[in-house]
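Here's the structure, in structure tokens; my notes come after.
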Amino acid sequence: MSTDSLVMVDHHCHGLIRTDLGREEFEQLATEATTPPAPGTSHFDSPVGLAIRAHCAPVLGLPPHAAPGGYLARRNELGCAEVARRLLAAAGIDTFLLDCGFRAADLLTPAEMERIGDVSTREITRLEAVLESTAWEGAAHLADGFGATLAAECAESRSVGLKSIIAYRHGLDFDPARPGRREVLAAADAWLRAGGRVEDPVLLRHALWCGVDLGLPLQFHVGYGDPDIVLYRNDPTLMTEFIRAVSVPIMLLHCYPYHREAGYLAAVYPHVHFDVGLAVSFTGPSAERVIAESMELAPYTKVLFSSDAFGLPELYLLGSLLFRRGLAATLARWQDDGHVDAADVARITSLVCGGNALRVYGLDVHG
């Protein structure tokens, strides 16, 4: 089927950076590393760096594979707003589901994203951000009133889903049980006295279960991310008992290198869905193989598209372009081998690129 007719729903992404960028700032946004590159090297020397030069440079009026210095000079010549308009238009995404819970002051708001990208946007509420924003109300409120606060926040922002970063703050090997009030009070009191971000697993579980009570799709960061995670504790099968205990849609994000494990969970639990979002842009030339592996076992009604783009409009374009190419190549092989026909290819493509997100998040075609 023609990709021009697809409804593309990016079911997990972030806003764009507000300002023009120097080379160091750009490179830091184009990596999950939190440190500068090794001496004598560049973050352009990576799969995502190759992909930016190959696929984004022509959209900005440069030849493919333009040198990094020339690419960044052209970027600053056009200005961040024009770069964003061009790259978002080329991405062909119709709806963004935006997680605004991280570095919100540095990024465009959902309304600004709608205007610059001519797209529909809806919000995903990050549980830990709401929890930390209510610390001033005290331990008793966190124990007894957080659920109501979360519900009010979701209603105000018209959120269509929730997100947890318990993978960063603790790991996915958490106790699946809902914590008792005394546990929550003790953990909240200790956290409020110590300060800092929420890392106590009792409070993180309390936020999760308050989210479950709202019945919205619940996103989890899984697998690949910045060095704040411990990767082996990000295997989604570690949260199997929690998955068994709930019935809300569970949305496993990114998943690499555990995308096969995520596919297994999606195959055996009716409410589990997943994507390979972040991995698509960051594996660049190898994205097709990652996409094919993610579809080895999972029902195609459980696979979604996301870019996890943060800050750089390049990541929206790469996420969409590389995903569509990788999916098309995978399905073409299936068709050549007689596993599917043209109608199957069209239906699978439509569901994975947007239809599954429309159904699970309760959206209409206009977001």
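What follows is calculated from the coordinates using simple rules that are stated; it is not laboratory data. Remember, predicted model here, so these are calculated numbers, not experimental data. Here the Cβ is made from the backbone with ideal geometry for all residues, glycine too, and neighbour counts use every protein chain on show.
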**Fill in**
Between the alpha carbon centres of the stretch 332-362 and the stretch 61-122 the gap in Å comes to 28
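Which whole DSSP H helices in the chain pass both tests: a Cα extent of 30 Å or more along the axis and a mean Kyte-Doolittle value no lower than -0.5?
Length and hydropathy pass: 313-336.
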**Asked** Based solely on its DSSP helices, what 222 nm [θ] is calculated for the chain when runs of n ≥ 4 H residues each add -39,500 (n - 2.57) and the sum is averaged over all residues, nearest 500 deg cm²/dmol?
**Response** -13000 deg cm²/dmol
**Fill in**
Of all DSSP beta bridges with both partners in the chain, the antiparallel percent, nearest 5, is 5
**Asked** Any idea what the dipole of the chain comes to, in debye rounded to 20, about its Cα centre with Lys/Arg Cβ at +1 and Asp/Glu Cβ at -1?
**Response** 200
**Complete:** The base-10 log of I(q)/I(0) that the Debye equation returns for the stretch 21-78 at q = 0.20 Å⁻¹, one scatterer per C-alpha, is -0.71
